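Notes follow the structure.
The values are calculated or read from the model by the stated rules, or taken from the named source; none is laboratory data. Quick caveat, the model's predicted, so the values are computed rather than measured. Quick reminder, even Gly has a Cβ in these numbers, built from the backbone with ideal geometry, and neighbours come from all protein chains shown. These accessible areas exclude ligands, DNA and RNA; they are computed on the full protein's heavy atoms, side chains included. Shrake-Rupley method; radii C 1.70, N 1.55, O 1.52, S 1.80 Å.
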Amino acid sequence: KNPANRKSSPGEMLIHCQGPLRIDFSNSLITLEDQVDMVVSQPGQSDDRMQCERLELSFSMPNQIPLDPSIPSALQPTNVFTFQSLTATGNPLLIESPKQQLTIRGQTVSFDMVEGMFSIEDSQQSTVNIGNHQFEVASFQYQMVADLKQLGVFVAKGAGSFHSTDPDSAENVITVSWNRNCTLEKLENEHLLSLEGKAEINLSGVGKIASDRIHIWL
C-alpha cells in the first residue's frame, strides 16, 4: 500500500505462486517461482495483472512513516517496502495493464519503477500493445508517458515491425518494418523516428516508402 495515499486510494498488490518464495535482505530482492500470478488493484480501476514463471522484485529497505495520530500505536505501520524494479520471465509471460493501455506477451520483461521504463530481451519476438500501437520486437526499451495518446521514446534492436491505427478511423493504418534498428527520440520540440536495414513505411490508401535508412521528423 502507498502510505502517502492510503486514505484516498489504498492500492493493493497480491502475488500467488506454486513454488518457493525467497526474501533476500542482503541483496534487497524477492523471488517467486512456478505459476506466478500478480494482481495490482486500485479502487475504481480495472486490475493490472502479470502471469509468469519467475518473478524478481527489487526493493529499497523499509523507511519510517510519520505516525498517524488517528491510529492506535499498536497498529501503526512503522515500515514500508518501496519496490524499485521487477524482472519477469515465462514461456510466455503475459502482462495486462488497462490503466496504461499496455499488454505484453513475451519471454523476459524488466520494469524500472523509478524511471518509468520497461525493457524486453528475448530470443524470439515479443508482442507489445501500447494504446493503438502494436510492436513485434525481440529487444525493446520504452519510456512510459503520461499522455497515453502519445508514443514514448523507444529503442528497438534487431528486426521488427509495428503498426498503428487511427482510433477515429480503422482505415488509416501505418505499418513500419525494419531489419536492424528502430528508434524514436525526442529532440527539443520534435521527435525523430529512425529506421535502419530494409526499412519500410506503408500508409494505407496513400503509399509506401522503402529504403535502407529512413529518418522522419515528427
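Below, the figures for the structure above:
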| item | result |
| --- | --- |
| Rel. contact order, % - alpha carbon contacts under 8 angstrom, at least six apart, the chain | 10 |
| Estimated translational D of segment 112-218 in µm²/s (Stokes, Kirkwood radius over Cα pairs; 37 °C; 0.692 mPa s) | 229 |
| Most to least accessible of HIS16, HIS163 (protein chains only, probe 1.4 Å) | HIS16, HIS163 |
| Pair-distance profile P(r), taking every C-alpha pair of segment 83-157, with 5 angstrom steps and integer % | 3, 16, 30, 30, 17, 4, 0 |
| Orientation-averaged projected area, Cα convex hull of segment 177-218 (nm²) | 3.0 |
| DSSP loop GluC sites (Glu not before Pro) with at most 13 other Cβ within 10 Å excluded, longest remaining stretch of the chain | 1-114 |
| Surface share of carbon and sulfur [accessible, 1.4 angstrom probe, percent] for the chain | 51 |
| DSSP-assigned coil residues among trypsin sites (Lys or Arg not before Pro) in segment 127-189, each with at most 11 further Cβ atoms within 10 Å | LYS149 |
| Accessible area per residue in Å² at 1.4 Å probe, computed on the chain | 60 |
| The chain, Rg to Rh (Cα coordinates; Rh as Kirkwood inverse mean 1/r) | 1.05 |
